[in-house]
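Below: the structure, in structure tokens.
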Amino acid sequence: MKLGNHVLGRLLTTLVLGLGVWPAAHSHVLALDRASLNVRGDGAYMVLSLAPAALADLALDDDGDGTVSVAELQAHRAQIQDAISQRAQLRDGQGALALEALFVQMEAHTVSGAQQAGITAMGKFTLRPGALPTDWSLAFWPEGSSAYALQAKVTRQAEDGSTVQQQNMVFSAGRQAQRLFPSAGAVLVDYMVLGARHILDGPDHLLFLLVVLATGMAWSTLVLTLSAFTLGHASTLALGVLAQWTVSPALAEPAIALTIILMALLDERARRRAIPIPAAQRMALVFACALVHGLGFASALTEIGLDPGTVGWSLLGFNLGIELVQITIAACFTLLLAMLARWGHASAFRWLRPIAMGAAIGLAGLWFVQRL
């Protein structure tokens, strides 16, 4: 048993160290995808610089050669202008603001030494008297797409041209609308929702948590287990966001599936030998696996985008959202086990547990193969 645990521990250590030396993942922000919004006086002046891929659904590649030329963009000028008018929206407390004097220009840019066609759009949103815009939406990608993102800067100026506020943001398919100059509380709540949604949309994280909890444990051990899992994924999440220490999702996602398989196999081996895993060793394994899961969280949060001015609140909120879901699931699962024991059905759980573990290993194995 000690030898098997030692081997699995070495495997997890090697996995984590390997992730650390893997080349950092590149951002999905394209060289041409930029935006700015300058709020001054009675108007908000918008400038967009877009690669043709941002409007890929318009079928701009007429000759089918795989690239979009300036001439093809010119041929679709009216269609492109109409799409930008519909997808670039600015709102205040009363609703959408009118976009006026939209001007669209097609031109070639040099990107990494190669010529690439681009779209530049400029327009003015007319503000209502005494009201400032509250939300900016740039919906240029299909929902669920993670291929593209757009960096943007918002500046609010006084009448004399001096800067009052500035905000940086990243728009993506999963974050097409954002608040302008939100309060710290609003940022915290917003990212709590994003964190909760991310873990609920990520069954691999939940499956790992259930595998860890399925062994049954006292409340003190449960608290230590959740703490180890939280500390692990929060550490790599913070490194990924604050130090930009990230790895390619092509490596992180299969590794997450592998942690489920390793933990389930280890627990099943201990059950069959009737020799429980020492608590300290179990905490170390959960922590090591959680480091890998944190890389997945960091990749997701990087794609969502962060305003450097509120990165601390964003990171805190995202972590809190994840933890609220984890604690809720752990509490419900533990309550279910307690109810089964009280009603005399604890033996049913012991009978179902190896079946559930086998199903978890099979499902995680499928995810591992799919993500390679």
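Quick note: the coordinates plus some simple rules give every number you see, no bench work behind them. Please read all numbers here as calculations on a predicted model, not as lab measurements. As a convention, Cβ positions derive from the backbone with ideal geometry for all residues, glycine included, and neighbour counts pool all protein chains shown.
Structural descriptor for the range 62-108: relative contact order 39 percent, calculated from alpha carbon pairs under 8 angstrom and at least 6 residues apart.
Pairs of alpha carbons in the range 147-221 separated by more than 21 Å make up 54% of all such pairs. Rounded, prolate or oblate for the range 225-274? Axes are the square roots of the Cα gyration tensor eigenvalues, ordered a ≥ b ≥ c, and the cut-off for rounded is a/c under 1.5. Oblate is the answer for the range 225-274, as a/c is 1.5 or above yet b/c matches or exceeds a/b.
Among 71-79, 272-280, sorting by the average number of other beta carbon atoms lying within 10 angstrom of each residue, highest first, gives 71-79, 272-280. Equivalent ellipsoid of the range 77-232: semi-axes from √(5λ) of the C-alpha gyration tensor, largest first, are 41, 22, 15 Å.
Please give the direction-averaged projected area of the C-alpha convex hull for the range 227-317, in square nanometres with one decimal.
Result: 6.3 nm².
With Rh defined as the Kirkwood radius, the inverse of the mean 1/r over Cα pairs, the Rg/Rh of the range 177-334 is 1.01. Other residues whose C-beta falls under 14 angstrom from the C-beta of His109 contribute a net charge of -1, scoring Lys and Arg +1 and Asp and Glu -1. Between Ile275 and Asp65, the simple spin-label model (points 7 angstrom out along Cα→Cβ) gives 6.9 nm.
The distance linking the range 44-78 with the range 191-259 is 40 Å (Cα centroid to Cα centroid, whole angstrom).
Between Ala243 and Arg175, the FRET efficiency estimated from the beta carbon spacing at R0 = 22 angstrom works out to 0.50.
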